[in-house]
Amino acid sequence: MVAELVGRALRAALDFALPPRCSGCGTTVGDVHSFCAACWKEVEFLGDNGCLTCGMPLQATEQRTCGACLARPPRLARTRAAVAYGDIARGLATRLKYGRKVANERTMARDMAPLIADSNDPLLVPVPLHRTRLWSRGFNQSALVVRELSRRLGIAANPLALARKRRTPPLKGMSPLQRRKTVAGAFQVRDRNAVAGKTVILVDDVLTTGSTAEACARTLKRAGAARVELVSWARVVKTSQLMR
């Protein structure tokens, strides 16, 4: 009881000295790891209402699975993202990745956690960086989010289960086919026993075309994973991609 009272007092003192700041613009807010009213309006939360498989928003249709997934089922059994990629979502991810604002992992994880469905024998695994990029940056931002998700949800995590054995160039500007060819064979599972029979939940910060995540899923399935899903903080949602 005494320890709990002391803890509350210390948290109150800390909040008074260092009041919570908006994760988007830095203005003072009421709760930690939250957005102010102005930034909140600019963030498009995607939720869990899109395609049952890929999670892309569906418009003006009663179908629950988009045409693309019906025509060519992806290796990822389920993909979800907390928000649509935009100025605020990009800024949050960029400040974590390059500005070392590691507290942003908690903001991301708070909105990603509700999108992780109950599954059999789940395992959280970050999309890996190549060792040269990891050395230069000092950390894998997706691994930080995995750590926070594991803490929040009580799900096992293995940040080293998947490795990027070959460094790949930036995929920006490439066609979907070029992206798939670039990342093909770039990943490996370090220990097959660590993923065999499990539902592996890949975690990434930003999802664009999904080529990297699909390559990860292919590697994990070949290593014996029963199912592979993906949850990300933000995803690119283009108007042309909305299923009508």
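Between the Cα long axis of helix 211-222 and the first principal axis of the chain there is an angle of about 70°, rounded to the nearest 10.
Any idea what angle helix 141-153 forms with the longest principal axis of the chain, computed on alpha-carbon atoms, 0 to 90 degrees, nearest 10? So the inclination is approximately 70 degrees. In deg cm²/dmol, rounded to 500, what helix-only [θ] at 222 nm does the chain give when every DSSP H run of at least 4 residues adds -39500 (n - 2.57) and the total is split over its residues? After summing the helix terms and dividing by the residues of the chain, the value is -10500 deg cm²/dmol. Each Cα pair under 8 Å and six or more residues apart adds its separation to the average, and for the chain the resulting relative contact order is 22 percent. According to the Cα-based calculation, Rg over Rh for the range 120-222 is 0.95, with Rh computed by the Kirkwood formula. Between ALA37 and ARG21, the modelled labels are 2.2 nm apart [label points 7 Å from Cα along Cα→Cβ].
The C-alpha atoms of the chain define a longest principal axis, and helix 87-97 lies at about 90 degrees to it. Taking every DSSP beta bridge that has both ends in the chain, the antiparallel portion is near 20%.
Each part gets one Cα centre, and for the range 67-119 versus the range 19-35 those centres are 20 Å apart. If R0 is 22 Å, the Cβ-Cβ spacing of ALA68 and ASP118 corresponds to a FRET efficiency of close to 0.25.
Modelled spin labels at LYS238 and ARG167, positioned 7 Å past Cα toward Cβ, are 2.9 nm from each other.
Every number here is computed from the coordinates shown, using simple stated rules; none is lab data. Because the structure is a prediction, the values reported are computed rather than measured. In this analysis, Cβ positions are derived from the backbone assuming ideal geometry, glycine residues included, and neighbour counts consider all displayed protein chains.
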